[in-house]
Amino acid sequence: MDAIRVLVAGICGRMGKLVAEAVRSTPDTLLVGGVDPAGAGADLGETTGGRRSGMMIDGELGPALARTLPNAMVDFTAPAVVMGNLRTALAQRVACVVGTTGLSQPDLDEIAALCEQHDTAALVAPNFSVGAVLMMRFAAEAAARFEYAQVLEMHHPGKKDAPSGTAMLTARRIAEAKGEAMRLPQPEHVSLPGVMGGELSGIGVHAMRMEGFVADQRVVFGGPGETLTIEHRSIGRDCFVPGVLLALRKVVAQRGLVVGLENLL
C-alpha cells in the first residue's frame, strides 16, 4: 500500500511542526508539502526540525495542492483562514484532518455539504488526545446522573479562541446525554461582570489562559452531598500526535464529515 501523501497547513506553528515531524518519521505517511505565509520560501525540512529537504514552504494553499498532489491535508491554522483552506482542499478532493478550533455549526454544515459535493471526507476534531476523548465520553455518561455541571478549560496564552473547541464539544455532549438543561444557579448580586462564565444548556463554561498550561480541562458534576470531577491534563503536545496519525489513516478511506476523534476509535 502506498504511503499517504500529506500536506500540512500552518506548518510553522507549534502543532504544525510537530505533525510534520511525525508524518515524516512514520512509514505509512509521506510529507509532501507545507503551507504557512509566515515561512513561505523557507526549507520545509529545516523549518520542521529535520535536515534540509530541498522542498520549500508555500505561502498559498492552492498552488501547493496543485504542485504536491496530496491525499490528505492536516490543518492547524487559525479560525480566520481554516474555512478558506477547506473550501480549496475539498474542491480538489483532498481529504482533510482539521485541528483548528473555533468552527461554528454553520461552518460544519458547509463542510458537510462540500464533502458531499466533492465526494471526499473531512474530520474535524477539537482534540486529538485519546485521553481527552475519553474524558468527554465519561462526562456524557455521567450527565444523566447529576443536575449541575461546570466545564473549566485551561490553555497557554497563545490559544486563539475561547472557550476551546474541546470545552464546547464537552458541553454539547453533556447536554445531549442529559436531554434537558442542567441547573445553573444565578446569585442575587454579582459584583464582577462575567464571574459566572459562559453558559450552554445550563452548563457553566469557563476559560483560563496563562503560562504553565498546554491544554487541560476539568468537568465538575454536582449532586446532593457529592461532586464528581473528571480531569484531563496535556503535559506535552506530543499527546496529540497518535490521534492525528490515526485520523489520517482513517479519513482517506471515508466519505463525508466526521466530527470528533471518538467516532474513529
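Derivation of every value follows stated rules applied to the coordinates shown; laboratory data play no part. All values derive from a computational prediction rather than experimental measurement. Note: ideal-geometry Cβ built from the backbone for every residue, glycine included; neighbour counts use all protein chains shown.
Results, tabulated for the structure shown:
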quantity: Whole-Hz ³J(HN,Hα) from phi, Karplus 6.51 cos²θ - 1.76 cosθ + 1.60, for segment 81-88, glycine and proline x; calculated: 10, 4, 5, x, 4, 5, 4, 5
quantity: Stokes-Einstein D in µm²/s, Kirkwood radius over Cα pairs - segment 130-233 at 4 °C with 1.567 mPa s viscosity; calculated: 92 µm²/s
quantity: The chain: angle of helix 105-118 to the longest principal axis, Cα-based, in degrees nearest 10; calculated: 30 degrees
quantity: Value of relative contact order over the chain, rounded to a whole percent, pairs C-alpha under 8 Å and six or more apart; calculated: 19 percent
quantity: Fraction of antiparallel bridges per DSSP, the chain only, in percent to nearest 5; calculated: 40 percent
quantity: Debye, to nearest 20: dipole size of the chain, +1 on Lys, Arg Cβ, -1 on Asp, Glu Cβ; calculated: 500 debye
quantity: Relative packing of peptides 117-128, 25-36, 253-264 - highest average C-beta neighbours within 10 Å first; calculated: 117-128, 25-36, 253-264
quantity: Total formal charge among the other residues, if their Cβ is under 15 angstrom from that of GLY49, Lys/Arg +1 and Asp/Glu -1; calculated: +1
quantity: Cα-based helix-to-principal-axis angle, 14-25 vs the chain, degrees rounded to 10; calculated: 50 degrees
quantity: Charge context of GLY260, other residues only, Cβ under 11 angstrom, K/R +1, D/E -1; calculated: +2
quantity: Cβ crowding within 10 Å averaged over residues, with 193-202, 154-163 ranked highest first; calculated: 154-163, 193-202
quantity: Residues LEU69 and SER191, FRET efficiency given R0 of 45 Å [Cβ-Cβ distance, rounded to 0.05]; calculated: 0.15
quantity: Dipole in debye (nearest 20) - segment 163-265, about Cα centre, beta carbon charges: Lys, Arg +1; Asp, Glu -1; calculated: 480 debye
quantity: Helical mean residue ellipticity (222 nm; -39500 (n - 2.57) per DSSP H run of 4+; nearest 500) of the chain; calculated: -10000 deg cm²/dmol
quantity: Of all DSSP beta bridges in segment 130-233, antiparallel share, percent nearest 5; calculated: 75 percent
quantity: Hull-based mean projected area of the chain, where the convex hull spans the alpha carbons, in square nanometres; calculated: 15.3 nm²
